[in-house]
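Trainee: Just dropping this structure here.
The values are calculated or read from the model by the stated rules, or taken from the named source; none is laboratory data. Note that the coordinates shown come from a computational prediction; the quantities given were computed from them, not determined experimentally. Cβ placement follows ideal geometry from the backbone for every residue including glycine, while neighbour counts extend to all protein chains displayed.
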Amino acid sequence: MTWLYPFLKKLRAVAHRVRTWPFLGRSAFSLALLVMILLATQGHHLDHPPEVAGYDIQAGKLVAQQGVGPAGPVLKTVSLLLPYLDSWMLVGGAVYLFILLRQWGNPPKLVFPSWVASISVAAWAISSDIAHQLGAMQMTEMGEPLAMTAYWMKMVMIYVACICVPLLIHYYVRSGALERYTLRTFLAPLVFCFVAFCSLWIIMDLLDNLKEFQDAKSGLGRVVKFYFSIVPFIFVSVMPASLLLAVLYTLTKMSRANEIVAMLSAGRSVGQILQPIFVVVITVATMSLAANYHWAPRAEGNREAVMRALGAKQKDSIMASSVLHRDPVTDRVWYVASLPFSLRGERLRGVQVREVGKDGKVAHVIHADSAMWWPGGLWRFYDGQEVFYADDKPTEIKPFPLDAEGRHSLEVKNFEETPWGMVSYALKPDYMGVPEIVSYLKAHPKDSPERLAPFQAHYYHRFAMPWQSFALALVAAPLGIAYSRRGAVGGIAGSIFIFFSILFLNNLCLNLGKGGHLPPWFSPWIPHLLFGVLGVLLLHYRSQNKDLPKLSLGFLSKRKVQLARPRNRSAA
């Protein structure tokens, strides 16, 4: 082990040299740009074409598949840029990590690299989503009508979520010394609470579902991928509690050290003292809004579908089981044993399609172990057979032919049914993002108000729920500020009571909106408005150096009037 100490010493010297070498970060960034230019000159997009839903790429050009219209300028641009963006995410990501390690502790040097990294991630995420979701231009993943406005709003949400972090770094750099100190004091407990709550949530969920993972013989990689896919849902779920405790802890700590009194003596108002905290709260609420627009509810629904599939010992996810659908136009009857939550690489299991002739008798039946659907109306059935009938008696049984890949499959291009059309009346709005809810409302405009109320309530709930964090921070801030030494037990107890109260009101008002007892556009905002007004009132009391109003129940019990006794009985 005599070599260990000299090796660590040399490693420390190399790390110090890397951190102090002039212009090394700019050199690495220039080298990354040179690599991208070299890839462009070599025709990287021709050798590594991207996957665009609904199109085949031949010699760099998009060739439409069956039933899909010609590609527009957006798809052509995306198909050209996406291979380079994929490479840039690897090369530029390594450069950004290098710059982050080199300039850690020097925020002014991180502003420009953070902006470049966030814009690059946004461009890559938007291009990937367009290539996978907008490829068919007419149908989405499961065949629901595409709501273009909601879809492009989804792209805006991706961009907003990506630029939140560089905006926060830019605000930190432009702030004064007191604002920076408050930000550092607040961000440390916020990160700790968020990591702690996330770890606790994952551990509790893993303990509940460990048996299902073991029975399905899921490896560590699949378990990690499963929990990584539900990060947006975990973020939206645990962030309000993390912000509440972080705000309360930070302000209580600063109050007990008389730091708030010192800031007030320096001429700062309560609003100016709390400004950095509320900047972080608004930033986090904006990121929650972007996540809750589509990814958080979809992640929650995918989690339920995967656990349902593990319980049934099936590889794919299960959104719905034993689906029976009769198309009123084609008069075909479909039976699907299990329908996956997502059709990206997953199949419908146990599919049977029954066609009826003009005489009302069964004429043709397709039995398949699995099936897949592509935008444009293409169905492909795997591992099954066709049965032809005459007078309700089978006359011919034909196994599926072998395809180019050596599998028994049957390709059908004239079926108009879509997976979404089979399960649209069984969908739950709890697991649908805004684009899916808009598609549902667009496809069922004549349904009864009672039927549409849950979808409308969840539509507005997607925009209202992220601001729960802001309402909690408004109430927690005056509870944490104190102008004298006192314990933090009262503030913590009050914040816990407020947290569970807003959760109760949130579920109550959402259910009232789903049941049609309150307007769906108003019911999700009621808890935030109530606690927001309460927080503003408490902040007004605190800014005026007044004691917070206390809830007294003394009026419930009537006290008896007692005569004061003299101290010296002999004198009386």
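Trainee: So, of the residues in the range 175-223 that are among the hydroxyl-bearing types (Ser, Thr, Tyr) and in a helix (DSSP H, G or I), which turns out to be nearest to Val236 (Cα to Cα)?
Mentor: Going residue by residue through the range 175-223, those that are among the hydroxyl-bearing types (Ser, Thr, Tyr) are 175, 181-182, 185, 199, 218.
Those left that are additionally in a helix (DSSP H, G or I): 181-182, 185, 199.
Details: Tyr181: 27, Thr182: 24, Thr185: 23, Ser199: 14 Å.
Only one residue tops the list, namely Ser199.
Trainee: While we're on this one: Give Tyr227, Tyr249 a once-over and let me know the one that is part of a helix (DSSP H, G or I) and within 26 Å of the chain's Cα centre (by Cα).
Mentor: On the way: Tyr249 fails: within 26 Å of the chain's Cα centre (by Cα).
Only one candidate qualifies: Tyr227.
Trainee: Another question, if that's okay. Return the residues of the range 393-425 that are over 30 Å from Tyr440 (Cα atoms), among the acidic types (Asp, Glu) and modelled with pLDDT of 85 or more; say none if nothing qualifies. Before you say what the answer is, go through the steps one by one.
Mentor: Initially, the range 393-425 is screened for residues over 30 Å from Tyr440 (Cα atoms), giving 393-410.
Now narrow it down to the ones that are among the acidic types (Asp, Glu): 396, 403, 405.
Residue satisfying the conditions is Glu396 alone.
Trainee: Which members of the range 519-538 meet the condition of being crowded, with 19+ Cβ neighbours inside 10 Å and over 13 Å from Gln468 (Cα atoms)?
Mentor: Residues satisfying the conditions are Pro520, Ser523, Leu538.
Trainee: Please indicate, with yes or no, whether at least one residue in the range 385-407 is closer than 27 Å to Arg308 by Cα and either touching a residue at least 24 places away in the same chain (Cβ under 8 Å) or not in a strand (DSSP E or B) (or both).
Mentor: We begin by selecting, within the range 385-407, every residue closer than 27 Å to Arg308 by Cα; these are none.
No, the conditions are met nowhere in the range 385-407.
Trainee: Examine the range 130-139 for a residue that is assigned to a loop (DSSP other than H, G, I, E, B), assigned by TED's automatic domain parsing to the domain that holds Ser30 and modelled with pLDDT of 80 or more, and state whether such a residue exists.
Mentor: Residues of the range 130-139 assigned to a loop (DSSP other than H, G, I, E, B): 134-138.
Now drop any that are not assigned by TED's automatic domain parsing to the domain that holds Ser30, which leaves 134-138.
Narrowing further to those that are modelled with pLDDT of 80 or more: none.
Checked the range 130-139: no residue is assigned to a loop (DSSP other than H, G, I, E, B), assigned by TED's automatic domain parsing to the domain that holds Ser30 and modelled with pLDDT of 80 or more.
Trainee: Pick from the range 386-413 the residues that are of a type in the set (Asp, Glu) and under 11 Å from His364 (Cα atoms): which of them is surrounded by the fewest Cβ atoms within 10 Å (Cβ to Cβ)? Before you say what the answer is, go through the steps one by one.
Mentor: Within the range 386-413, the subset of a type in the set (Asp, Glu) is 386, 391-392, 396, 403, 405, 411.
Imposing the further condition that a residue be under 11 Å from His364 (Cα atoms) reduces the set to 386, 392, 396.
Working: Glu386: 17, Asp392: 8, Glu396: 10.
Per the criteria, the residue is Asp392.
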